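The values are calculated or read from the model by the stated rules, or taken from the named source; none is laboratory data. This one's a predicted model, so the numbers in the text were calculated from it and none came from an experiment. Cβ sites come from the backbone with ideal geometry, for glycine too, and all protein chains shown count toward neighbours.
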Amino acid sequence: MENCIFCKIVKGDIPCIRIYEDDKVLSFADVNPISDGHTLIIPKRHAENIWEVSEEEIAAIHLASQKIANAMKAATDIDGIAFLQLNGRGVNQVVMHYHLHLIPRPAGAPEITMTKWDLKPGDMEAIKKTAENITSAMK
């Protein structure tokens with residue numbers, strides 16, 4: 001896609017700090033990091049979101065994420081890694097090219113809001129109905 005910043009990075013039109021690359025994915029340092037080592041993994045082919053990315057690309061992204069996570073753990077002093085992936089403007093996806101964030105967190109780092117929420121018991125009938133609807137819609 002000609003106006004996609006991540007497609008321009010894949011093509012080499014915009015520089016990046018490469019971390020990992022294979023035939024399906026590219027991983028690079030986030031230039032607006034939440035923490036040291038914040039990394040993005042993208043499919044090389046343009047896919048806007050989870051509904052457009054292929055199964056093969058999803059598999060390649062997650063295989064790469066495991067390699068990168070292992071390297072992060074070996075190379076830095078981290079206590080955990082948040083994997084964050086957003087789909088659509090309704091959840092604040094800003095770059096409309098599928099991407100997975102790997103956000104390393106050292107011990108004692110402030111919590112990431114997305115990783116902590118209040119546990120409130122839900123309406124079990126509503127939960128069951130929604131689950132049934134989702135299950136019946138699977139192809």
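Here are the numbers for the structure shown:
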read-out: Odd one out for Asn70 among (1) in a loop (DSSP other than H, G, I, E, B); (2) without any contact (Cβ under 8 Å) to a residue 40 or more places away in the chain; value: (1)
read-out: Total residues in the range 17-48, condition hydroxyl-bearing (Ser, Thr, Tyr), assigned to a loop (DSSP other than H, G, I, E, B) and crowded, with 20+ Cβ neighbours inside 10 Å; value: 0
read-out: Matching option when the condition is closer than 25 Å to Thr113 by Cβ, under 12 Å from the mean Cα position of the chain (by Cα) and either of a type in the set (Val, Ile, Thr) or modelled with pLDDT of 95 or more (or both), among Ile41, Ile68; value: Ile41
read-out: Tally, over the range 76-116, of residues that are in contact (Cβ under 8 Å) with a residue 12 or more places away in the chain and in a helix (DSSP H, G or I); value: 2
read-out: From Ile34, Ile58, Ile17, Ile9, residue being in contact (Cβ under 8 Å) with a residue 40 or more places away in the chain and of a type in the set (Val, Ile, Thr); value: Ile34
